[in-house]
Amino acid sequence: MMRLLVLLALFLGAPPAAAQSPLVADLSKHLVAITTGFTGTDVLLFGAVDGPGDVVVVVRGPPRAEKVRRKERVAGIWMNRTSVIFTDAPSFYRLAATKPPEAVLPPALLDRHQIGFEHLDLAVEADPGENPAAFRDALLRLKQRRNLYGDKVAPVSFLGNRLFRTEMYFPANVPVGAYSVEVYLVRDGEVVSAQITPLVISKIGVGAEVYDFAHQRAPLYGIIAVVLAMSAGWLAATAFKKG
């Protein structure tokens with residue numbers, strides 16, 4: 001609420017020098033803490049513009065290498081036969097806008113800012129005989145199935161003529177890391193102003209310690225997991241024998 005009041009002051013009562021930017025935006029929180037009982041959360045994006053226009057919001061998770069495999073039937077058995085690697089795919093991707101982005105921006109600008117799935121620049125490592133487009137479609141389907149890529153454009157609502165807001169949902173399986181929240185103000189097919197706001201998603205507490213241990217000491221973590229599983233099996237068998 002305090003940030004919203006600051007925005008109101010900037011655009012309604014502040015000196016002209018403070019209101020020169022045609023776009024101001026902020027988040028209700030800049031840190032999403034993932035604890036043991038985390039089930040997902042919403043983050044409010046709000047802001048103000050200095051006049052008419054459309055607002056487009058892009059949320060990108062940290063880029064990661066993604067391997068996509070294709071299964072083929074061999075002697076009656078489905079097996080992974082071929083694969084490609086997308087070297088810089090966003091781990092999370094969401095769009096929000098007052099209107100569909102393709103209705104307010106030309107393809108060239110959508111490509112430049114990578115707004116929309118069709119305009120994502122996904123670098124790929126593939127054998128010459130493979131069709132990267134098929135693997136690209138598979139990657140998008142897998143990400144959408146896991147709720148990491150939005151399957152539709154979320155709405156951005158205006159409150160009056162200047163203030164806008166949108167809710168951004170992050171599911172329980174959201175990847176950790178540094179995110180960028182990009183806000184674009186569009187007029188007459190041009191981006192007249194843009195702002196990038198950072199958002200950090202991080203594990204905290206016992207969950208964070210286990211996560212760090214599993215990634216930093218993977219062999220030891222695997223051994224401990226096997227020992228615990230064997231111990232649990234032995235205890236269960238002993239309990240049944242006593243019964």
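Find out how many positive minus negative residues lie around E182, taking Lys and Arg as positive, Asp and Glu as negative, among other residues whose Cβ is under 13 Å from that of E182.
Once all neighbours under 13 Å are counted, the net charge is +3.
If you rank Y149, Y169 by how much accessible surface each has, with a 1.4 Å probe, what is the order from largest down?
The most accessible residue leads, giving Y169, Y149.
At 1.4 Å probe size, what's the solvent-accessible area of R69? Round to the nearest 10 Å².
R69 has an accessible surface of roughly 140 Å² with all protein chains in place.
Which of rounded, prolate, oblate describes segment 96-151, given a ≥ b ≥ c as roots of the alpha-carbon gyration tensor eigenvalues and a/c under 1.5 marking rounded, otherwise prolate only if a/b is larger than b/c?
Judged from the Cα gyration tensor, segment 96-151 comes out oblate (a/c at least 1.5, b/c at or above a/b).
Quickly rank 86-97, 101-112 as a protection proxy: mean count of other C-beta atoms within 10 Å, highest first.
86-97, 101-112
The values are calculated or read from the model by the stated rules, or taken from the named source; none is laboratory data. This is a predicted model, so every value here is computed, not measured. All Cβ positions, glycine included, derive from the backbone under ideal geometry; neighbour counts span all protein chains shown. Note: accessible area is taken over every heavy atom of the protein model, side chains too, but ligands, DNA and RNA are not part of it. Shrake-Rupley method; radii C 1.70, N 1.55, O 1.52, S 1.80 Å.
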